[in-house]
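Take a look at the structure below.
The values are calculated or read from the model by the stated rules, or taken from the named source; none is laboratory data. If you're wondering where the values come from, they're calculated on a predicted model, not measured in any experiment. Virtual Cβ from ideal backbone geometry, glycine too; neighbours counted across all protein chains shown. Side chains are part of the model used for accessible areas, which takes the heavy atoms of the whole protein and leaves out ligands, DNA and RNA. Shrake-Rupley method; radii C 1.70, N 1.55, O 1.52, S 1.80 Å.
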Amino acid sequence: MSLPRLVVLISGSGTNLQALIDAVAADRLRATIVLVVSNKKTAYGLQRAAAAGIPTIIFPLKPYKDAGRTRIEYDIDLAQKILDVRPDLVVLAGWMHILSSQFLDRFPNNVMNLHPALPGEFDGAEAIHRAFDAFMEGKIKRTGVMVHKVIADVDRGEVILKEEVPIHEGDRLEDLETRIHVVEHRLIVAGAQKFLDELVA
């Protein structure tokens, strides 16, 4: 029986991609990563994928904007490139581009996102920074990480896994970022496996 096929979308350094690559290599994630897509050609995650022998595609939005084409057209073309490799699950691992319903409709119930906040808290960009600011203002004492199914409403899809992350007195932003990244690397692997298990259940 062939392993489930993952496509991973990234925009940056790819540490969460690396966690997935390492988990697949160690048989902690029963899947194969068949493609990594980046919307930024400078994303270091592309080198991580290449080092693991995983095919990559660089697919930036800027040429579409320069040609007067829409984000919807971009999403439709992106979806087709991903559909070509027949994924069982699409994982957003630091993908900094909001996907439209025109993309998501092509992958019903098969897109997963990692977000460094708990459900209903700090949706969207700069979540760690905003949580730290809220802590400094005395509003919260913890934040967290979640893995969720992706819907058109940003960071509001069904939660697969979540974990609280404490914020300690004396923490700097960098301390919180490090603590969250450790949880992210564990949760993205566990969430992907749980998602795949539910697909075949």
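Quick notes
- Within region 136-145, restricting attention to residues that are among the basic types (K, R) and part of a loop (DSSP other than H, G, I, E, B), the residue that is most open to solvent (accessible area, probe 1.4 Å) is K141.
- Residue in region 28-39 that is farthest from H185 (Cα to Cα), counting only those that are part of a loop (DSSP other than H, G, I, E, B) and open to solvent by less than 100 Å² (accessible area, probe 1.4 Å): N39
- Evaluation of I76 against the conditions (1) under 23 Å from D153 (Cα atoms); (2) open to solvent by less than 50 Å² (accessible area, probe 1.4 Å) shows that the sole unmet condition is (2).
- Residue that is open to solvent by 30 Å² or more (accessible area, probe 1.4 Å), acidic (D, E) and modelled with pLDDT of 95 or more, where the choices are E163, E158: E163
- Sole residue being part of a helix (DSSP H, G or I) and either modelled with pLDDT under 95 or hydrophobic (A, V, I, L, M, F, W, C) (or both), chosen from I57, I72: I72
Residue by residue, here is whether (1) basic (K, R); (2) closer than 19 Å to F195 by Cβ; (3) in a loop (DSSP other than H, G, I, E, B); (4) touching a helix residue (DSSP H, G or I) at 6+ places or on another chain (Cβ under 9 Å) holds:
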{"position": "R86", "(1), (2), (3), (4)": "yes, yes, yes, no"}
{"position": "V90", "(1), (2), (3), (4)": "no, yes, no, yes"}
{"position": "L99", "(1), (2), (3), (4)": "no, yes, yes, yes"}
{"position": "Q102", "(1), (2), (3), (4)": "no, no, no, yes"}
{"position": "A134", "(1), (2), (3), (4)": "no, no, no, no"}
{"position": "V147", "(1), (2), (3), (4)": "no, yes, no, yes"}
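- Flag for R179 being within 17 Å of the chain's Cα centre (by Cα), under 30 Å from D27 (Cα atoms) and either charged (D, E, K, R) or not in a strand (DSSP E or B) (or both): no
- The set of residues in region 5-16 being crowded, with 20+ Cβ neighbours inside 10 Å, over 11 Å from the mean Cα position of the chain (by Cα) and part of a loop (DSSP other than H, G, I, E, B) is empty.
- Residues in region 79-127 that are loosely packed, with under 15 Cβ neighbours inside 10 Å and among the basic types (K, R): K81, R86.
- Test result for A19, of a type in the set (G, A, S), within 27 Å of R156 (Cβ to Cβ), in a helix (DSSP H, G or I) and open to solvent by 10 Å² or more (accessible area, probe 1.4 Å): yes
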